[in-house]
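Structure first, then comments.
The values are calculated or read from the model by the stated rules, or taken from the named source; none is laboratory data. If you're wondering where the values come from, they're calculated on a predicted model, not measured in any experiment. A quick note on method: Cβ atoms are made from the backbone with ideal geometry, for glycine too, and the neighbour counts reach across all protein chains shown.
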Amino acid sequence: MGLVIAGVTLLVYLHLTSSLEEQALAQLSSYVQERGRHEQEVFERTERTQARLRRELLSALRTSDAARFDERFERHPDGVIRNAEGRLDGARHAQVWVGRDVTVHDDLRRRLVTAYDLVQRYGPGLEHRFINLYVSFPENALAYYWPSAPDWSTRVSPGLDIRGEEFFEVATPENDPSREVAWTGVYRDRYGPWMVSCETPVDIDGEHVATVGQDITLDSLLERTRTESLPGSHNLVFREDGRLIAHPELYAGYDDETRDLRIQSLDDLGLQETLRLARELPPGEHVAYNEVAEAYLGITRLEGPGWFFVTVSPEHLVSAPAEDLARVMLLLGALALLLEVLVFFFVLRRYVTQPLEALTAATEALARGERDAPLPVGRDDELGRLAAAFERTRDAVTTKEDELAAEAQARLASE
């Protein structure tokens, strides 16, 4: 029976340990998927918005003209074309900026007027969701709506060439041959917030004529990544190329200037293994084990920029509930075994030891000539039958002794 209890305890322990670990990993998987859906919402919304704006821009370009260009815009003393005087208030009006060395031909004029109308019409309605809206051009020109940076067109260097900026380069045919939405890395603008830019190229007859763009602030995402996670765990965000976007220690403060660390260049084998596992994780799976870091990883992709959002949960956090339960199960198993031993001892003493002691005492009493020692004859088992047989023997001996005594007395009387 003891072996049965020990075996059952072991089986229950193994089953519950496995079940609790599976439950913990399922919770990690559910958490990271739900977290990913929440964090990627702004990126998905941006792509949907830009898809609509690209269609609007292409439609407008088919019928637009440059009739109002000279009325709205003018070349300023520094050589840059901006809004005309009286319309330079970027908090109220869309703005145009054309580099000082740009030759403004009729087609560019037409596209600038069309883009200006587009950002002026849609920019204010999108302001509560996005900080800006702009259309950039391969000729080194912009039409934009950015009320939180009203003086951008006058503060930026007249010699700026946007074609060398990442927000423009990511959507060129050379860097974006699919001509789908492209995303920049994370950067910090002079106006303060950490941002990422979403760029949607606009082509006509295979020629790149414009790019619809928006900058998305990441301060909230970065703060949530740093401060909101499962107990005892932490979060990471990084690109597939290894560029680290959010890390609780390497990017511990808001004022880290570049956020351009590459995981491959860091002396952190655990982090490098995390990058490898994220890249190689099969579709539909969201949990992997990092042997180097001794941690379980909840992994999901953020649609849009395609970043990896990873929750790192140390192995002991996953196994701790199972280990606690194992201790309880082992304790209960030990108590059950001890109870069985006590019950067995009680039964053995009451039903075996005590009857044998009574039988032994009766035998010794009979040897001393005492014939009335009690015997356990009421038992319906082997000991009861043995006591009954002993009692019959004792009675027979007593009867025989009585007969012999009577014969002796009779003989004495006859003499």
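Which one is surrounded by the fewest Cβ atoms within 10 Å (Cβ to Cβ), of the residues in the stretch 80-94 that are of a type in the set (Gly, Ala, Ser) and closer than 14 Å to Trp152 by Cβ?
Let us first name the residues in the stretch 80-94 that are of a type in the set (Gly, Ala, Ser), namely 84, 86, 90-91, 94.
With the extra rule that they be closer than 14 Å to Trp152 by Cβ, the set shrinks to 90-91, 94.
Working: Gly90: 21, Ala91: 10, Ala94: 26.
Among those that are of a type in the set (Gly, Ala, Ser) and closer than 14 Å to Trp152 by Cβ, it is Ala91.
Based on this model, can you work out whether Leu133 counts as out of contact with any strand residue (DSSP E or B) (no Cβ under 6 Å at 6 or more places or on another chain) and under 19 Å from Ser153 (Cβ atoms)? Outline the logic, then answer.
Numbers: out of contact with any strand residue (DSSP E or B) (no Cβ under 6 Å at 6 or more places or on another chain): no; under 19 Å from Ser153 (Cβ atoms): yes.
Against the criterion (out of contact with any strand residue (DSSP E or B) (no Cβ under 6 Å at 6 or more places or on another chain) and under 19 Å from Ser153 (Cβ atoms)), Leu133 does not qualify.
Which residue, of Glu257, Glu273, is modelled with pLDDT under 90, of a type in the set (D, E, K, R), closer than 21 Å to Arg226 by Cα and outside the structural domain of Ala182 (by TED's automatic domain parsing)?
Answer to the selection: Glu257.
Got at least one residue in the stretch 156-166 being over 27 Å from Asp89 (Cβ atoms) and over 35 Å from the mean Cα position of the chain (by Cα)? Spell out the reasoning first.
First pass over the stretch 156-166, keeping only residues over 27 Å from Asp89 (Cβ atoms): 163-164, 166.
Pick out the ones that are also over 35 Å from the mean Cα position of the chain (by Cα) and you get 163-164.
Within the stretch 156-166 (the criterion being over 27 Å from Asp89 (Cβ atoms) and over 35 Å from the mean Cα position of the chain (by Cα)), the answer is yes, since at least one residue qualifies.
Taking only pairs six or more apart or across chains, which ones have beta-carbon atoms under 7 Å, a first residue in the stretch 286-308 that is assigned by TED's automatic domain parsing to the domain that holds Arg243 and within 26 Å of Cys198 (Cα to Cα), and a second residue that is β-branched (Val, Ile, Thr) and in a loop (DSSP other than H, G, I, E, B)?
From the stretch 286-308, no pairs qualify.
Looking at (1) crowded, with 20+ Cβ neighbours inside 10 Å; (2) touching a strand residue (DSSP E or B) at 6+ places or on another chain (Cβ under 9 Å), which is the one condition that is false for Ala149?
The single condition Ala149 does not satisfy is (2).
Per-residue answers, yes or no, for (1) touching a residue at least 12 places away in the same chain (Cβ under 8 Å); (2) of a type in the set (Lys, Arg); (3) within 30 Å of Arg224 (Cα to Cα):
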| position | (1), (2), (3) |
| --- | --- |
| Gln23 | no, no, yes |
| His38 | no, no, yes |
| Leu88 | yes, no, no |
| His105 | no, no, no |
| Arg110 | yes, yes, no |
| Val113 | yes, no, no |
| Tyr122 | yes, no, yes |
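Kindly establish whether Ala115 is touching a Lys or Arg at 6+ places or on another chain (Cβ under 9 Å) and surrounded by 15 or more Cβ atoms within 10 Å (Cβ to Cβ). First the steps, then the outcome.
Values: touching a Lys or Arg at 6+ places or on another chain (Cβ under 9 Å): no; surrounded by 15 or more Cβ atoms within 10 Å (Cβ to Cβ): yes.
Answer is no for this residue.
Taking the stated definitions as given, is Arg54 surrounded by 14 or more Cβ atoms within 10 Å (Cβ to Cβ), more than 23 Å from Gly213 (Cα to Cα) and not acidic (Asp, Glu)?
Taking the combined requirement at face value, the residue does not satisfy it.
Among the residues of the stretch 152-167, is there at least one that is touching an Asp or Glu at 6+ places or on another chain (Cβ under 9 Å), in a strand (DSSP E or B) and crowded, with 19+ Cβ neighbours inside 10 Å?
no
Answer yes or no: is there a residue in the stretch 205-216 that is in contact with a helix residue (DSSP H, G or I) (Cβ under 7 Å, 6 or more places away or on another chain), assigned to a strand (DSSP E or B) and surrounded by fewer than 21 Cβ atoms within 10 Å (Cβ to Cβ).
yes
Of all residues in the stretch 296-331, which are more than 22 Å from the chain's Cα centre (by Cα) and modelled with pLDDT under 65?
Filtering the stretch 296-331 down to residues more than 22 Å from the chain's Cα centre (by Cα) leaves 324-331.
Result: Asp324, Leu325, Ala326, Arg327, Val328, Met329, Leu330.
Of the residues that sit in the stretch 291-301 and are surrounded by fewer than 22 Cβ atoms within 10 Å (Cβ to Cβ) and in contact with a Gly (Cβ under 6 Å, 6 or more places away or on another chain), which one is farthest from Thr225 (Cα to Cα)? Spell out the reasoning first.
The initial filter retains those residues of the stretch 291-301 that are surrounded by fewer than 22 Cβ atoms within 10 Å (Cβ to Cβ), namely 291-294, 301.
Subsequent filtering for residues that are in contact with a Gly (Cβ under 6 Å, 6 or more places away or on another chain) retains 292-293.
On the way: Val292: 23, Ala293: 20 Å.
Among those that are surrounded by fewer than 22 Cβ atoms within 10 Å (Cβ to Cβ) and in contact with a Gly (Cβ under 6 Å, 6 or more places away or on another chain), it is Val292.
Select from the stretch 98-123 the residues that are charged (D, E, K, R) and either touching a Pro at 6+ places or on another chain (Cβ under 6 Å) or under 13 Å from Leu53 (Cβ atoms) (or both) and list them in ascending order. Walk me through how you get there before you give the answer.
Here is the first cut: in the stretch 98-123, the ones charged (D, E, K, R) are 100-101, 106-107, 109-111, 117, 121.
Result: Arg100, Asp117, Arg121.
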